[in-house]
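What follows is one structure encoded as structure tokens, with my remarks underneath.
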Amino acid sequence: VQLQASGGGLVQAGGSLRLSCAASGRTFSSCRAAWFRQAPGKEREFVAAIDWSGGVTYYADSVKGRFTISRDNAKNTVYLQMNSLKPEDTAVYYCAADLGGVGVRKVQEYDYWGQGTQVTVSS
């Protein structure tokens, strides 16, 4: 599975962005998928995850109620709708995928990673 993230950019606080993660590979519709982010000088952290069907989602407390993860398996794409953005959301955002496991919130749970897309939120 190969992943390509896009949709990042510069936005003012309170604004919105939608990230996309396009996947190649026939097994993607069987994969769970997630978004992580990494700010300068910080470790990569979990943002949101979604199961293979799109029926179950998980969120970090810091983004709950503001971000929404979704997927379209017909298009092999996962999305992250980000609303009410804050300066502390500034980071490189990475999409990830994996065929399955126990947890969803750790970097080590995922085998496939995209290249990252920069999100910058100005105050």
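The values are calculated or read from the model by the stated rules, or taken from the named source; none is laboratory data. The structure displayed is predicted, hence computed values, not measured ones. Every residue, glycine among them, receives a Cβ derived from its backbone with ideal geometry; neighbour counts consider all protein chains shown. Side chains are part of the model used for accessible areas, which takes the heavy atoms of the whole protein and leaves out ligands, DNA and RNA. Shrake-Rupley method; radii C 1.70, N 1.55, O 1.52, S 1.80 Å.
Assorted remarks:
- Top-ranked residue in the range 15-55 [being out of contact with any strand residue (DSSP E or B) (no Cβ under 7 Å at 6 or more places or on another chain) and over 19 Å from residue 4 (Cα atoms); ranked as surrounded by the fewest Cβ atoms within 10 Å (Cβ to Cβ)]: 41
- Within the range 1-16, tally of residues that are in a strand (DSSP E or B), within 22 Å of residue 32 (Cβ to Cβ) and not hydroxyl-bearing (Ser, Thr, Tyr): 4
- Only residues that are surrounded by fewer than 20 Cβ atoms within 10 Å (Cβ to Cβ) and small (Gly, Ala, Ser) were counted in the range 82-120, giving 5.
- Pairing each residue of the range 30-53 that is under 17 Å from residue 86 (Cα atoms) with any residue that is open to solvent by 10 Å² or more (accessible area, probe 1.4 Å) and among the hydroxyl-bearing types (Ser, Thr, Tyr), provided the two are 6+ apart or on different chains, yields C-beta distances under 6 Å for 36/94; 48/59.
- Any chance residue 5 is under 14 Å from residue 119 (Cα atoms), small (Gly, Ala, Ser) and surrounded by 14 or more Cβ atoms within 10 Å (Cβ to Cβ): yes
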